[in-house]
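Peer 1: One structure is given below, represented as structure tokens, and several questions about it will come after.
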2 protein chains.
Amino acid sequence: MIAKERDIAPDLYRQMMNIGAAARDAARKLARVDAESKTQALRAAANAMRRNMADILHANARDMEAGRRKQLTAALLDRLALDEQRVEATARGVESIADFDDPVGGVIAEWERPNGLRIQRVRVPLGVIGIIYESRPNVTADAGALCLKSGNAVILRGGTEAAHSNAAIHACLVEGLEEAGLPSGAVQRVPTQDREAVGILLREMGEYLDVIVPRGGKGLIARVQQDARVPVMGHLEGICHTYVHESADQEKARQVVVNAKMRRTGICGATETLLVDRSAPAGTLAALVDDLIAAGCEVRGDAAAQRSDPRVNAATDSDWGKEYLDAIIALRVVDDIDEAMTHIRRHGSGHTEAIIAEDAAAAERFLNELDSSILLHNASTQFADGGEFGMGAEIGIATGRIHARGPVGAEQLTSYKYVVRGDGQTRPR
Amino acid sequence: MIAKERDIAPDLYRQMMNIGAAARDAARKLARVDAESKTQALRAAANAMRRNMADILHANARDMEAGRRKQLTAALLDRLALDEQRVEATARGVESIADFDDPVGGVIAEWERPNGLRIQRVRVPLGVIGIIYESRPNVTADAGALCLKSGNAVILRGGTEAAHSNAAIHACLVEGLEEAGLPSGAVQRVPTQDREAVGILLREMGEYLDVIVPRGGKGLIARVQQDARVPVMGHLEGICHTYVHESADQEKARQVVVNAKMRRTGICGATETLLVDRSAPAGTLAALVDDLIAAGCEVRGDAAAQRSDPRVNAATDSDWGKEYLDAIIALRVVDDIDEAMTHIRRHGSGHTEAIIAEDAAAAERFLNELDSSILLHNASTQFADGGEFGMGAEIGIATGRIHARGPVGAEQLTSYKYVVRGDGQTRPR
């Protein structure tokens, strides 16, 4: 094995190829492992997290200290921080993944042909999944557990800020694999923070990787989509819209809008732009603005929105289609549903949009004519979540159009093969 | 719009971007078009092919003449050649695609959550599909029709050898679109044979293309996988194996093996390597070899195979895993099913493999433990075909693991979105 590009250190290249080969080997074994062994490994990993609580918290303290030295923002430090409760919640998350139905081997469809051939479409693992993610250390556990549940080997590459925490959590997953007699190559972590390791994952490991899942900010996603030579399951930003139609029930609208924006502002399903019909009943717009401001949200609106309340700041063009991930909302007053949908098509990211309306025909137009991965009627965009969809955990919300869209759970991490049973059939000329 | 890479001619760049923008625009319209309009466009296109028969044959004659000048092989010239029957068959193919169920808008799954949210997973088109293909002009009609049926816009880039034939057939598809009142941007053809146009499709049109489908030889696929910055639905070569287990019924084995190799040697589902158990009943191996040679097939075997019949030529290492696409077969005698599966894993391309066996347990091991896109028991590998699977036409056999595997028909050219209906639900903290 020699590095294909001269600027890659041969040792790093060799190390990455060894990780890839071990993952491929583990994936072959995992694909045929019984459901019980995978469940057992996940339960053992959760217990290892509890047993190694002190080590995990110690590792996290090192990351936090480094983060403070690097002057990470308070929001980033909060995402990075672990305590006993967060680790316990992560362990429970792994146990809940252990309890899901095993997707592998399930028959998705079956039919018989006139010539007697019986065809089954059978679920199989994808193979080896590479996950490149930032900050939150619990992703190490969630993503590792989901991949294992779906019979895939996984190569995890977390952010530098969480390196020690990720290593400590990863060690627990490996303990679980070993207790269940599964290959430790099934859940591997890139042990170096060398940035070039990501380049090797993206460009040089086509033989060993079946798909790359980037989970992080715009910069990461852009780099992955530019450099990857293997399929990418894209997770773009969530520029989610809530549109209040003139037929909206005012109470419903007020409850849903505040929840959609403020329940948690840092998740991809948080509403970033509110669109309100100009013809909505008097007081609707003012009530929505008042609720948001009372909940601690800055409102940046167009001229009509500003007229409704002097506390509304002026929105500029850069506010439309902006992912704040913060207690800020853009507000635009629109003429009708067509203008609302045009705005969403132009500025949205195809993630999640909601309409608040009592007029069923308007709601159906919105649900049918828009093409985001999730479209809701009279419900909060914060429901854009695999757990809320009943899929158990998720690895993220896919905004691409290939393979999976919306929440990516264990089932979305599988492929299929065809099994055809005959009795000597030959194909006529 | 300016070319991002200095070595691209600005005119070509602008032309390709215009094609992309028109396709994106058409895709938005097509996604919401009723099934009837698409059916009508396809029927009209088939009739246009009949009406313009003379033009199509004239265009094909120009391609054939150029092909003979370039000294294309007889096999390539045969794939290129059109006559009235082949054009009529192509028109009928388009009509049969018109008759399929429309996949768009179908509800794939639906469920209700405890909080009353009703969730539907609804089939939607992929968007804009780029298809890069070689030689056979009927692909222009098949691929164009399948993409239209599934609500996608398509950009077709056929091979230089078939340029005139492709243009003539494409003109008929456009006539069909126009008769049905659908945007002509829905089925576009790259009008230049400039090789750089492919580079622009692969690298520069991420904004306009949702997926690229390469359909051709190894060189094309390799280039696409190396250069593409958009998702690729890969169609690798078909290195298909037929394995005759010791428990095989000799008559079944003889019929299936000759059919699997010789029915058509030039398709990707043709068996390229035959594996036979050393412990198969006396005479089985000799009978298989005799049948193949009698059918006009060259047999290249290992030492044991050569001992069975002096007409068997010696196989070299390069014969294992070789896609002949010709009347040649590689033959290896194996110790048991494990050696057979190891051989297939090492040398196969993950396309299609068959086992001939009466021992049900052996057959189930083969079907379960191998991971090719299609696995058959007691049937010919030549069944690896969307039509034979009951999918109607196909765009090819996908050998990747992402999105679709096996035959790619109209349904496989779709994605989905989630439609969620509520009554004011908010997400609890």
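Peer 1: Scan around B:Arg189 for amide H atoms under 5 Å from its own, H built in the peptide plane at 1.01 Å from N, and keep only partners 5 or more places away or cross-chain.
Peer 2: B:Leu156
Peer 1: Is there a quick way to get the dipole size of region B:240-383? I mean about its Cα centre, with the Cβ of Lys and Arg at +1 and of Asp and Glu at -1; what is the value in debye to the nearest 20?
Peer 2: Dipole about the Cα centre, nearest 20: 460 debye.
Peer 1: Within 13 Å, Cβ to Cβ, of A:His58, how many net charges do the neighbouring residues add up to if Lys/Arg are +1 and Asp/Glu are -1?
Peer 2: Summing Lys/Arg as +1 and Asp/Glu as -1 gives -4.
Peer 1: Give me the extension gain from A:Glu88 to A:Asp335: residue separation times 0.36 nm, minus the current Cα-Cα distance, reported in nm with one decimal.
Peer 2: Answer, rounded to one decimal: 84.0 nm.
Peer 1: Return the long-range amide H neighbours of B:Ala398 (sequence gap of 5 or more, or a different chain), with a cut-off of under 5 Å between placed amide H atoms.
Peer 2: Residues meeting the amide H criterion: B:Gly406, B:Val408.
Peer 1: Which residue, A:Pro191, A:Ala9, A:Leu201, has the largest displacement toward the positive end of the dipole of chain A when charges sit on each Cβ (Lys, Arg +1; Asp, Glu -1)?
Peer 2: Comparing the listed Cα positions along the dipole, A:Ala9 ranks first.
Peer 1: Normalised by the number of residues in chain A, what is the relative contact order in percent for Cα pairs under 8 Å and 6+ residues apart?
Peer 2: Result for chain A is 18 percent.
Peer 1: Could you tell me which residue out of B:Leu274, B:Gly144, B:Gln71 lies farthest along the dipole of chain B toward its positive end? Charges go on the beta carbon: Lys and Arg +1, Asp and Glu -1, centred on the Cα centre.
Peer 2: B:Gly144
Peer 1: Among DSSP bridges having both ends in the protein assembly as shown, what percentage is antiparallel? Round to the nearest 5.
Peer 2: 25
Peer 1: Per Stokes-Einstein, at 10 °C and 1.306 mPa s, what whole-number D in µm² s⁻¹ belongs to region A:19-96, with the Kirkwood radius over Cα pairs as the hydrodynamic radius?
Peer 2: Approximately 107 µm²/s, per Stokes-Einstein.
Peer 1: Cα centroid distance between region B:214-231 and region B:308-368, in Å?
Peer 2: 27
Peer 1: Now for a separate question. I need the phi-derived Karplus couplings for region A:146-163: 6.51 cos²θ - 1.76 cosθ + 1.60, θ = phi - 60°, integer Hz, Gly and Pro marked x.
Peer 2: 5, 5, 5, 4, 8, x, 9, 7, 9, 10, 9, 10, x, x, 4, 4, 9, 4
Peer 1: Oh, and also: Using a simple charge model, +1 on the beta-carbon of Lys and Arg, -1 on the beta-carbon of Asp and Glu, nothing else, what dipole does the protein assembly as shown show about its Cα centre, in debye to the nearest 20?
Peer 2: Value, rounded to 20: 1260 debye.
Peer 1: Report the relative contact order of region B:139-257, percent, no decimals, based on alpha-carbon pairs under 8 angstrom and at least 6 residues apart.
Peer 2: 18
Peer 1: If you take the Cα Rg of region A:151-279 and divide it by 2.2 N^0.38 Å, with N the number of residues, what do you get?
Peer 2: 1.48
Peer 1: Can you run phi through the Karplus equation (6.51, -1.76, 1.60; θ = phi - 60°) for region A:123-130 and list ³J(HN,Hα) in whole Hz, with x for Gly and Pro?
Peer 2: Along region A:123-130, the couplings run 6, 10, x, 5, x, 10, 10, x Hz.
Peer 1: Rounded to the nearest 5, what % of DSSP beta bridges with both residues in chain A are antiparallel?
Peer 2: Approximately 30 percent, going by the DSSP bridge assignments.
Peer 1: Mind checking the log10 I(q)/I(0) for chain A at q = 0.06, 0.08, 0.12 Å⁻¹? Debye, one equal scatterer per Cα, no solvent, two decimals.
Peer 2: -0.30, -0.52, -1.03
Peer 1: Note down, for region A:240-383, the three equivalent ellipsoid semi-axes (square root of 5 times each alpha carbon gyration tensor eigenvalue), biggest first, whole angstrom.
Peer 2: They are 19, 17, 14 Å, listed largest first.
Peer 1: While we're here: How large is ³J(HN,Hα), in whole Hz, for each residue of region A:336-352 in order, when computed from phi with the Karplus curve 6.51 cos²θ - 1.76 cosθ + 1.60 and θ = phi - 60°, using x for Gly and Pro?
Peer 2: With the stated coefficients, region A:336-352 comes to 6, 4, 5, 5, 4, 5, 4, 4, 5, 4, 6, 10, x, 10, x, 8, 8 Hz.
Peer 1: Rank B:Gln225, B:Ala315, B:His58 by how far each Cα sits towards the positive end of the charge dipole of chain B (+1 on Lys, Arg Cβ; -1 on Asp, Glu Cβ) and give me just the farthest.
Peer 2: Going by the Cα projections, it comes out as B:Gln225.
Peer 1: What is the magnitude of the charge dipole of chain A about its Cα centre, with +1 placed on the Cβ of each Lys and Arg, -1 on the Cβ of each Asp and Glu, and no other charges, expressed in debye to the nearest 20?
Peer 2: That gives chain A a dipole magnitude of about 1620 debye.
Peer 1: Which whole-number percent is the relative contact order of region A:240-383 (Cα, under 8 Å, 6+ apart)?
Peer 2: 34
Peer 1: OK, next. Under the rule of at least 5 residues apart or a separate chain, name every residue whose amide H is placed under 5 Å from the amide H of B:Tyr133.
Peer 2: For B:Tyr133, the qualifying residues are B:Arg157, B:Gly158, B:Gly159, B:Arg215.
Peer 1: Provide the net charge surrounding B:Ala31, with neighbours chosen by a C-beta distance below 9 Å and charges set as Lys +1, Arg +1, Asp -1, Glu -1.
Peer 2: +1
Peer 1: How charged is the neighbourhood of B:Asp359? Take every other residue with its Cβ under 10 Å from the Cβ of B:Asp359, and add Lys/Arg as +1 and Asp/Glu as -1.
Peer 2: Within the 10 Å Cβ shell, the charges total -2.
Peer 1: What order do you get for A:61-72, B:18-29 when each peptide is scored by the mean count of other beta carbon atoms within 10 Å, highest first?
Peer 2: For the peptides A:61-72, B:18-29, the packing ranking is B:18-29, A:61-72.
Peer 1: Among rounded, prolate and oblate, which fits region B:301-358 when a ≥ b ≥ c are the square roots of the eigenvalues of its C-alpha gyration tensor, a/c under 1.5 means rounded, and a/b larger than b/c means prolate?
Peer 2: oblate
Peer 1: If you don't mind, there's one more thing I want to ask. Could you tell me what a quarter of the Cα convex hull surface of the protein assembly as shown works out to, in nm² with one decimal place?
Peer 2: Value for the protein assembly as shown: 37.1 nm².
All of the numbers you see were taken from the coordinates with simple rules; none came from a lab. None of the values given here were measured: they were computed from a predicted structure. Quick reminder, even Gly has a Cβ in these numbers, built from the backbone with ideal geometry, and neighbours come from all protein chains shown.
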